[in-house]
């Protein structure tokens, strides 16, 4: 196992503007860290720089106690699992898993034992005599992971390994990879654009956008205390609702926000330097919005239902507010009275679950949970 430290890591191509802008990150020995972000944000490029498949234009990369900038990929003590399985079609599962060890000079019983241990961990022992064409997608991905395990790397690197699998197999493989980390205790760095993978696998998540780190934290912290509008909108399905408003007043009890249509909403955050008239964005997650009861009076907004999605265990209602065309999502439990398109509703926004972002998109006054 090894600690991985990135200090002011920069990547540029042909002396152009950087595509990775001074990344600083410390990944602890044995930690499972997920890089997540939209396509083209630089997460795979950053992973490939750690692997040695991309040159580092600036900064320092340490793997364990070694400065790794100029260490060849094969000598960095890493193993990488790609989106494509990259298995040799003419070889059996055993031969695919043993190939790297054979190149390293491992033979005989030692070779068999190493492959056998990896096969037992991944529960693919009965498949060792098969060839890749005889395997399912999930089985092929297990073989690709097994090929990495036999090398006993200090760090595992995963580059969107589940993207080619169907939904049910992705769930199964998430469980397998999580179990694998618990069993091996090896440092793992995992790249994905899928927020569900990020939230369910990562001990910490690194949210990347435009070659920069937006926020680093536990899944709980990032979901409940996003540091800016990008993180708040990227994590969560449906994404956090955003409503433009202006500060009406700010004090010890929170910030009162005036919304289009005349509604006033209290957000229990530290307004800091907020002043009346400042432009802000109010953020509320779909599960924190509830239909107002008969006696509801405070923190209410009037909406008109536009579209309803029935998902079995829940219903997602998309509605609009007068003066703001943006869709606002409301999550209803299965037992709730179904709503219909065109129906007017009153929705309560709990003050303690209201987030506020200033005109630069930075979260106002909400401390990150542990």
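Remarks
- Rounded Å value of the spacing that divides the Cα centres of the range 54-80 and the range 87-148: 27
- For the range 1-54, the share of alpha carbon pairs falling in successive 5 Å distance bins from zero is 5, 17, 26, 30, 14, 6, 2, 0 percent.
- Within the listed set 200, 281, 187, the residue fluctuating most in the Gaussian network model of the chain (springs between alpha-carbon atoms under 10 angstrom) is 200.
- Taking the fewest neighbouring Cβ atoms within 10 Å as the starting point, the ordered list for 183, 95 is 183, 95.
- Building the convex hull from the alpha-carbon atoms of the chain and averaging its projection over directions returns 22.6 nm².
- Mean projection area, nm², convex hull over Cα of the range 26-159: 9.4
- 0 to 90° range, to nearest 10: angle between helix 137-149 axis and the chain longest Cα axis: 60
- By the count of neighbouring beta-carbon atoms within 10 Å, fewest first, 60, 160 end up ordered 60, 160.
- Choice from 357, 99, 158 showing the highest fluctuation, given a GNM over the chain with Cα pairs closer than 10 Å: 99
- Per-selection metrics, the range 290-370 (Cα): Rg and Dmax in Å: 14.6, 42
- Among 50, 20, 177, the largest mean-square fluctuation in a Gaussian network model of the chain, built with springs joining Cα atoms closer than 10 Å, belongs to 177.
- Cα convex hull of the range 19-99 - mean projected area over all directions, nm²: 7.0
- Whole-percent pair-distance distribution, where bins are 10 Å wide, for the alpha carbons of the range 150-304: 9, 29, 28, 17, 14, 3, 0
- Taking every DSSP bridge with both residues inside the chain, close to 75 percent are antiparallel.
- The modelled label-to-label distance for the pair residue 84/residue 264, using points 7 Å beyond Cα in the direction of Cβ, is 6.2 nm.
- Going from the fewest other Cβ atoms within 10 Å to the most, the residues 39, 57, 84, 44 appear in the order 39, 84, 57, 44.
- Three semi-axes of the equivalent ellipsoid, the range 238-357, Cα gyration tensor, whole Å, largest first: 26, 14, 13
All of the numbers you see were taken from the coordinates with simple rules; none came from a lab. Note that this is a predicted model, so its numbers are computed, not measured. Every residue, glycine as well, gets a Cβ built from its backbone with ideal geometry; the counts of neighbours run over all protein chains shown.
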